[in-house]
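The values are calculated or read from the model by the stated rules, or taken from the named source; none is laboratory data. Owing to the predicted nature of the structure, the values given are computational and were not obtained by experimental measurement. Positions of Cβ are generated from backbone atoms using ideal geometry, with glycine treated the same way; all protein chains shown enter the neighbour counts. Calculation scope for accessible area: heavy atoms of the full protein, side chains included, ligands and nucleic acids excluded. Shrake-Rupley method; radii C 1.70, N 1.55, O 1.52, S 1.80 Å.
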Amino acid sequence: MQPVFRIAALLGALASPAFGEPVTEFALDNGLQIVVIEDHRAPVVTQMVWYKTGRADEPAGQSGIAHFFEHLMFKGTDTVAPGAFSAIVAANGGSDNAFTSDDYTAYFQRVPADQLGEMMRLEADRMANLNLSPENVATELQVILEERGERVDSDPSALFREQMSAAQYLNHPYGVPIIGWLHEMKQLNREKALDFYARHYAPNNAILVVAGDVDPAAVRDLAQTHYGPLKPSETLPPRLRPSEPPQLAARRLTMADARVAQPYIMRSYLAPERNAGDQKQAAAITLLAEVLGGSGTTSVLSRALQFDSQIAVYSGAGYGGVSVDATTFSLIVVPSAGVSLADAEKALDETLAKFMETGVDPADLARIKTQLRAAEIYARDDAGDLANTYGAALAVGLSVQDVQDWPAALDAVTEADVMEAARAVLIPENSVTGWLETKVAP
């Protein structure tokens, strides 16, 4: 009997004019969403499994458990010994890794195309049959505690960014670090890990992305063989997070640390995320970030602060709209030697005020659009990057069509759209301004 598939959106290759790669999307009866991206230039394939659970989906008081569980997924099953997963991938000529964000956790392998079935077998096995011994859980807990010490507690910039996020979000869990607060990380244990596993790790909370030298029909057959027998979760919690209240006052913080070699200013604003079916505003905010600080030589901030006044040695702007809930738009200024943080901030404010008055240079916007179009074309050169692009988008609620429409959305942005985005985002009441200083010994 042929397997029956529930069609999620469309069946068959979708050749987008903007995205040259053929993409096929379908789903298994157990709810596993599958996207296949064909790239037949080399006999290589990337498999990615994205779970729609990240830092912001953790139970209260258990910060860091999503990242902790990412580590535990390599601790073995009844048929795969602890730590053997990556060794098997390597023995098959491949490489693997995993990562956790606010909104998702992803696992991937890059292997010769004829090893895809083996990778599916391994990944499906640990989706349902993880075997967590108390000893392995205790050992891995020490690993993540040491990781926090090395990557965060020993780095003033990382601690500063944590404080900035915590000040930005009054109520939403995006204000909690992905790795977790140390005092809560210490309380994580096997029971909490198993509960997190049972709640979130199931085919109906996952997206399988396969990119490379593959045939969609063959991928369907392999997925049905390995993932198809897995049961969906019947207790999957709704993806509801505490909402952010209106922010009524600009916030400031100053952090001083003797280890800081170069003081700098960072400012963040609450900003809308990229939404399915309506990406116009996110595209305009993306262009706003590029206009203000996307280039170290030609952006508004670099010209004004690094070249004209030489107030700064570095400046930039950033926006990442691929998120479930409202994200941030950030600015950074690293002052030149002898320039105070107060003078650097004053120059930043004056530059932003002038930009709001004069608007976008049409030639600058046209040049940036050309650069973004080129970047999109270059990104097509790596099937792994394509898998990452589609997987991240789908994990936060965007669609395959949204991914394929994104280049056109960027290209349609006008000067007026960029300025409308600036007025919507650069609101002082929605901002946090932070100074990271060098602490001088008394």
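Some points to look at:
- Taken as Cα centroids, the range 168-236 and the range 282-315 sit 38 Å apart, rounded to the nearest whole angstrom.
- Of the GluC sites (Glu not before Pro) found in the range 174-268, the ones in coil according to DSSP and having at most 11 other Cβ atoms within 10 Å of their Cβ are 234.
- Those residues of the range 54-74 whose amide nitrogen sits under 20 Å from the label point placed on residue 195, 7 Å along Cα→Cβ: 54-73
- Residue 308 paired with residue 349, simple spin-label distance in nm, labels 7 Å along Cα-to-beta-carbon: 1.8
- Simple spin-label estimate for residue 87 and residue 241 gives 3.8 nm between the two label positions (7 Å along the Cα-to-Cβ direction from each Cα).
- FRET efficiency estimate (nearest 0.05) - Cβ-Cβ, residue 157 to residue 251, R0 25 angstrom: 0.85
- Members of 354/439; 75/439; 52/354; 52/186 lying beyond 31 Å, as alpha-carbon distances in this model show: 354/439; 75/439; 52/354
- FRET efficiency estimate (nearest 0.05) - Cβ-Cβ, residue 225 to residue 79, R0 22 angstrom: 0.90
- Relative contact order of the chain: 21 percent, from C-alpha pairs under 8 Å at least 6 residues apart in sequence.
- Surface/4 estimate of mean projected area, convex hull on alpha-carbon atoms of the range 215-301, nm²: 13.5
- With R₀ fixed at 60 Å, the C-beta to C-beta distance from residue 297 to residue 41 puts the FRET efficiency at about 0.95.
- Remark: spin-label model distance residue 375-residue 217 equals 4.0 nm, labels positioned 7 Å along the Cα→Cβ axis.
- The chain - accessible surface per residue (Å², probe 1.4 Å): 44
- With Cα atoms as the point set, the chain shows a radius of gyration and Dmax of 23.2, 79 Å.
- Along the chain, longest interval not containing exposed trypsin sites (Lys or Arg not before Pro), exposed being DSSP loop plus at most 16 other Cβ atoms within 10 Å: 42-185
- What the Cα atoms of the range 269-373 give is an Rg and a Dmax of 14.4, 49 Å.
- Annotation: extensible slack from residue 423 through residue 336 equals 28.4 nm (criterion: 0.36 nm per residue apart, minus Cα-Cα distance).
- When you restrict to C-alpha pairs under 8 Å that are six or more residues apart and normalise by the size of the range 32-189, the relative contact order lands at 32 percent.
- Taking 357, 70, 244 as the candidate residues, the one with maximal mean-square fluctuation in a Gaussian network model of the chain, Cα springs under 10 Å, is 357.
- Sequence-separation-based contact order of the range 256-329, relative, with Cα cut under 8 Å and 6+ spacing, percent: 36
- Whole-Å distance, taken between Cα centres, linking the range 63-137 and the range 320-380: 38
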